[in-house]
Amino acid sequence: AVYQVEFETEKLIQSCVKSMDKNLKNIPALQYLVTEGTLNEGVTDEDLRSGQAFVQGKIRSETGQSAHSRVSYDLVGSISEATNLTRWTIGTILTRIEPAIFSQFNRNPEQFIAEAAHRINEQKAGAIVEQLTYSAIEDEYDSTIFTAGETGNDFKKATDKLNRHVYDYAIVDSEVERRFVKDLDTSSEVVVYSKLPRGFLIPTPVGDYNPDWAIAFKKDEVKHLYFVAETKSEYPSMKMRELEQTKIACARKFFAEIGERIKNDQVKYDVATSYSDLMNLVKEAS
């Protein structure tokens, strides 16, 4: 699919300026460590190769720009790239924020760029969801998506051998997912399921989004044959960040609009923290 979104640039600029003036007040000064060392007498080639040629001396931390630093930054370009907004829009935002806020760029350029982009993306996310629309295109994924780009997986995170997964094993990222897999694999209502490959992406204005699972249920027991789910931890410390919540809001619109075009075997989408939560959502949808 492709998306289209419309919002008023001036309103976005105003909200970004307000957010940055409020939240970018405590960017720490750049810090770095200086380590002194002494070269041993009679050093050999083997000492140099093994890292034993120097004796570590004093270590001290310093704050502020290094006198020897010649690094230059494309401030406007870096933030523009991180937010997918034009250089003109970013330049306008930066010229309107308070001088004291902008001066922090000299104290810690990389931190300032990262924090500014984060605040702008937050405001952008809030502005776009209401005006977002999706349109289906003719392209389709084929079965190679399950193997392409998957060679770098960490198989230490693999599950035990499975029965209903599309492959014998699944790579999971957390204990929440591991429990979820166990329940899916032993459910009498599930026919087949898959951890969605990294190449399966939904385009959103705040970055591509990769849902976690695709599940097919028995037709006679559940009305909706397919269900795409996002599993999240129930613990507050693992709550979704704002940008991730925005991606999920976009995914809801994506599946809702695609669902209007597919009358049979409609795909449903939702967020769950466990298999029991998922089944409650499925039965509500039925």
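Heavy atoms of the protein chains alone define the surface here; on that basis the stretch 1-152 has 68 Å² accessible area per residue at 1.4 Å probe size.
Report, ordered by chain and residue number, the aspartates and glutamates lying within cross-link reach of Lys219, taken as a straight Cα distance under 15 Å and ignoring same-chain residues fewer than 8 apart. Partners within reach: Glu189, Asp265.
When the accessible area of the chain is computed with all protein chains present and a 1.4 Å probe, what percentage of it is carbon and sulfur?
Working: 8600 of 17690 Å².
So the carbon and sulfur contribution to the accessible surface is 49 percent.
Cα-based count: Lys pairs in the stretch 1-158 below 27 Å, eight or more positions apart or different chains?
Values: Lys11/Lys22; Lys11/Lys25; Lys11/Lys124; Lys18/Lys124; Lys22/Lys124; Lys25/Lys124.
Close lysine pairs found across the stretch 1-158: 6.
With a cut-off of 14 Å between beta carbons, the residues surrounding Ser80 carry a summed charge of 0, where Lys and Arg count +1 and Asp and Glu -1. Judged by the ratio a/c of the largest to the smallest principal axis of the C-alpha gyration tensor, the stretch 1-119 counts as prolate, that ratio being 1.5 or greater while a/b is larger than b/c.
Length gained on full extension, Asn84 to Asn264: 61.2 nm, using 0.36 nm per residue less the C-alpha separation. Estimated purely from DSSP H runs of n ≥ 4, each contributing -39500 (n - 2.57), the mean residue ellipticity at 222 nm for the chain is -12000 deg cm²/dmol once divided by its residues. Model label points for Glu284 and Tyr226, set 7 angstrom from Cα along the Cα-to-Cβ axis, are 2.3 nm apart.
The values are calculated or read from the model by the stated rules, or taken from the named source; none is laboratory data. As the structure is a prediction and not an experimental result, all values here were calculated from the model. We place every Cβ from the backbone using ideal geometry, glycine too, and count neighbours over all the protein chains shown. SASA here: full protein model, heavy atoms, side chains in, ligands and nucleic acids out. Shrake-Rupley method; radii C 1.70, N 1.55, O 1.52, S 1.80 Å.
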